[in-house]
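Data first, discussion second: the structure below is written as structure tokens.
The values are calculated or read from the model by the stated rules, or taken from the named source; none is laboratory data. Quantities reported herein were computed from a predicted structural model and do not represent experimental measurements. Reconstructed Cβ throughout: ideal geometry from the backbone, glycine too, with neighbour counts over all protein chains shown.
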Amino acid sequence: MPKGSPELTASRREEIVNACEKLYQNMSFKEITIKDIGAVTSFTRTSIYNYFQTKEEIFLALMQREYEHWAEEMDSLAAGNESMSPGGFAAAIASSLEKHEQLLKLLAMNHYDMEENSRPERLTEFKVAYGASLDAVRACVGKFFPDCDRESFIFVFFPFLFGVYPYSVATQKQLDAMREAKMEFRMHSIYEIVYSCVMQLLGGAK
């Protein structure tokens with residue numbers, strides 16, 4: 001790590017993650033290279049290696065940031081409401097995840113590669129953010145639905161998130177293939193899929 005203030009280091013890391021995020025809007029994980037990321041930062045490509053050793057570490061940091069923001073929203077949901085109906089909570093969590101489509105895309109596409117090709121310390125930082133999101137959702141369920149089995153909710157809901165993006169977003173090539181295969185298939189929005197899952201998990205919660 002180069003010498004410099006913690007503020008400068010944080011600023012440089014954030015700029016790199018922002019550059020990756022920008023590219024990811026129009027390019028795939030496989031297409032993006034560190035050279036591409038360096039081309040849209042204010043410093044040289046080789047300088048990136050002072051902050052991230054692999055492309056996967058940069059993407060992992062992007063997903064970590066998404067989890068941090070989502071956990072903050074869930075914490076605010078718990079703090080800002082004394083009670084919620086199942087429908088109200090399902091709508092709130094569905095709306096929140098709808099804003100974090102990028103998180104769902106990362107989960108669906110390259111989660112394993114990002115973790116496998118990142119240093120242990122970077123992976124630990126990510127797991128802290130992931131754990132905070134688990135705790136935030138667990139706290140919401142425990143506060144609003146004390147009769148609901150929180151651990152069962154978490155055990156089903158978080159693995160479920162890996163499949164939301166593919167069922168809500170499809171390329172034209174995929175749509176054409178499904179049509180040719182004569183599949184009876186209708187795309188649903190992120191909101192619809194998440195809302196339905198949460199409602200089913202809460203069951204008879206009051």
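Residues that are aromatic (Phe, Trp, Tyr) and touching a residue at least 40 places away in the same chain (Cβ under 8 Å) were ranked within segment 160-190; the one that is surrounded by the fewest Cβ atoms within 10 Å (Cβ to Cβ) is Phe162. Of the residues contained in segment 10-30, one or more are found to be surrounded by 15 or more Cβ atoms within 10 Å (Cβ to Cβ), over 20 Å from the mean Cα position of the chain (by Cα), not β-branched (Val, Ile, Thr) and not assigned by TED's automatic domain parsing to the domain that holds Thr171. Residues that are part of a loop (DSSP other than H, G, I, E, B) and either assigned by TED's automatic domain parsing to the domain that holds Ala71 or of a type in the set (A, V, I, L, M, F, W, C) (or both) do not occur anywhere in segment 129-137. Among the candidates Ala79, Ala71, the residue that is under 30 Å from Asp147 (Cα atoms) and surrounded by 14 or more Cβ atoms within 10 Å (Cβ to Cβ) is uniquely Ala71. Of all residues in segment 19-35, those that are of a type in the set (Phe, Trp, Tyr) have Cβ atoms under 7 Å from Cβ atoms of residues that are at pLDDT below 95 and not in a loop (DSSP other than H, G, I, E, B), 6 or more apart or on another chain, in Phe29/Met109. Residues of segment 143-159 that are surrounded by 14 or more Cβ atoms within 10 Å (Cβ to Cβ) and part of a helix (DSSP H, G or I): Lys143, Phe144, Arg150, Phe153, Ile154, Phe157, Phe158.
Matching residues to (1) modelled with pLDDT of 95 or more; (2) under 18 Å from Val198 (Cα atoms); (3) hydroxyl-bearing (Ser, Thr, Tyr):
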position	(1), (2), (3)
Glu68	yes, no, no
Glu72	yes, no, no
Ala78	yes, yes, no
Ser83	yes, yes, yes
Leu97	yes, yes, no
Tyr112	no, no, yes
Phe126	yes, no, no
Arg138	yes, yes, no
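Val40 meets the conditions (1) outside the structural domain of Lys99 (by TED's automatic domain parsing); (2) closer than 15 Å to Asn110 by Cβ; (3) surrounded by 13 or more Cβ atoms within 10 Å (Cβ to Cβ) in every case but one. The failed one is (2).
I need the full set of residues from segment 158-202 which are among the aliphatic types (A, V, I, L, M) and within 23 Å of Ala94 (Cβ to Cβ), in order please.
Leu161, Val164, Val169, Ala170, Met187, Ile190, Ile193, Val194, Val198, Met199, Leu201, Leu202
Looking only at segment 82-93, filter to residues that are surrounded by 17 or more Cβ atoms within 10 Å (Cβ to Cβ) and in contact (Cβ under 8 Å) with a residue 60 or more places away in the chain; which one of those is farthest from Leu106 (Cα to Cα)? So the residue we want is Met84.
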